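Below: the structure, in structure tokens.
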Amino acid sequence: MRTALKEAETAGQAGEIPVGAVLVHVPSGSIAASAGNLCEKDNDPTNHAEMLVIRKVCKDTGRQRLTDYDLYVTLEPCPMCAAAISHARIRRLYFGAYDPKSGGVDHGPRIYQHRTCHHRPEVYGGIMESESVSLLKMFFADLRAR
């Protein structure tokens, strides 16, 4: 999660909403990909940190099913990212800050609670939550001060 927080911090410094993600290959324990949001830079609303790491590992491995990977992200995934995590069959999802406004896991549509959801990762929220919340609060406070 510390690497995800560093990615979030870098994204925030670049003017992106400070969210970072890391995809870990479970058998080796190695980081397969890490990224921060790139929506603003790339003018692409789908370039959330989670989507970027999933795309990279799928491309690198030549597989669309990532059953032996765990995802760490600093903010509760939105519905788009939650669905992508399910489709990729990611084993476990660890996230920092809860997102009552735009989340898709524990809030909003609660993607994994639908009976039609094909894959439900194990979900652990609130991991290093205060650090994740702090980054977001500072970012939005600075944005409002401008």
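The table for this structure:
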item: Over the chain, relative contact order from alpha-carbon pairs under 8 Å, at least 6 apart, %; result: 20
item: Residue-normalised accessible area of the chain, given per residue in Å² at a 1.4 Å probe; result: 53
item: Loop sites in region 18-126: trypsin sites (Lys or Arg not before Pro), DSSP, at most 12 other Cβ within 10 Å; result: Lys101, Arg115
item: Per-pair calculated FRET efficiency, R0 = 30 Å: His114 and Gln64 via Cβ, rounded to 0.05; result: 0.90
item: Apportionment of accessible area to carbon and sulfur, region 50-125, percent (1.4 Å); result: 50
item: Accessible area of Val19 in the full protein assembly, 1.4 Å probe (Å², nearest 10); result: 10
item: DSSP beta bridges in the chain [antiparallel fraction, %, rounded to 5]; result: 60
item: Length released on extending from Asp44 to Phe140, taking residue separation times 0.36 nm less the Cα-Cα span; result: 32.5 nm
item: Model label zone, Lys6; criterion: amide N under 20 Å from point 7 Å along Cα-to-beta-carbon; scope region 30-45; result: 30-38
item: Square roots of five times the Cα gyration tensor eigenvalues for the chain, Å; result: 23, 17, 14
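The values are calculated or read from the model by the stated rules, or taken from the named source; none is laboratory data. Bear in mind that the values here come from a model prediction, so they are computed numbers and not experimental data. Every residue, glycine among them, receives a Cβ derived from its backbone with ideal geometry; neighbour counts consider all protein chains shown. Keep in mind that these areas ignore ligands, DNA and RNA; they rest on the heavy atoms of the full protein, side chains included. Shrake-Rupley method; radii C 1.70, N 1.55, O 1.52, S 1.80 Å.
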